[in-house]
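Below: one structure, written as structure tokens.
The values are calculated or read from the model by the stated rules, or taken from the named source; none is laboratory data. Note that the structure is predicted; figures quoted are calculated from it, not measured. All Cβ positions, glycine included, derive from the backbone under ideal geometry; neighbour counts span all protein chains shown. Note: accessible area is taken over every heavy atom of the protein model, side chains too, but ligands, DNA and RNA are not part of it. Shrake-Rupley method; radii C 1.70, N 1.55, O 1.52, S 1.80 Å.
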Amino acid sequence: MKVAVTEDELKQLLATVPFTRSYGFTLANIGEGQCTIFVPFQKVFERPGGIVSGPVFMAAADVAMWLAIKTKLGLTDSSLTAEMKTSFLSGAKNEDFHCTARILKCGHRLIYGLAECVNDHGTLLTHHTLTYIRHHIAPAAPKS
């Protein structure tokens, strides 16, 4: 099957959506139903003790999954996160990481997937399971 979006379209989306821009996420690669993003270290990501805070990993997993869904369903898809479970397996200190999300099942109402964040040494930092609900926006009613 064919990927429903191009890398350039997803790069543009990351660059223009305010909630992704603040993290500095960039697209690393895509395939049908999967996406990897690069997360650059930023000092504002640190929690006390100097390690990257959990919400950064969770945001990366959510965005990577959001983009993975777009590779399958297209840019106009408006699916929403319904649930995310996160396991923090190892800390990251003053380092960049990658997050890869992959669709496990794309149903009529729900989409199931997983995401994992790893550092440049291949250390698994976090593991996430995600469920998205396929949200269908009704077309606007014609104006009279």
*What ranking of His128, His108 comes out by heavy-atom accessible area, probe 1.4 Å, highest first?*
His108, His128
_Label point 7 Å beyond Cα of Leu89 along Cβ direction - residues of the stretch 3-44 with amide nitrogen under 19 Å_ = 34-39
*For the chain, what does -39500 (n - 2.57) per DSSP helix run (n ≥ 4), summed and divided by total residues, give at 222 nm, in deg cm²/dmol to the nearest 500?*
-7000 deg cm²/dmol
*Taking springs between alpha-carbon atoms closer than 10 angstrom, which of Gly74, Gly122, Gly91 fluctuates most in the Gaussian network model of the chain?*
Gly122
_Pair Arg21, Thr81: separation of 7 Å Cα→Cβ label points (nm)_ = 2.0 nm
*P(r) histogram, all alpha-carbon pairs of the stretch 6-52 included - 10 Å bins from 0, percent*: 24, 46, 23, 7
*Excluding Pro55 itself, calculate the net charge of residues whose Cβ lies under 13 Å from the Cβ of Pro55, where each Lys or Arg counts +1 and each Asp or Glu counts -1.*
-1
*GNM, the chain, Cα, under 10 Å: largest mean-square fluctuation among Ala64, Ala115, Ala92?*
Ala92
*Using a 1.4 Å probe on the protein chains only, how many percent of the accessible area of the stretch 1-116 belongs to carbon and sulfur?*
54 percent
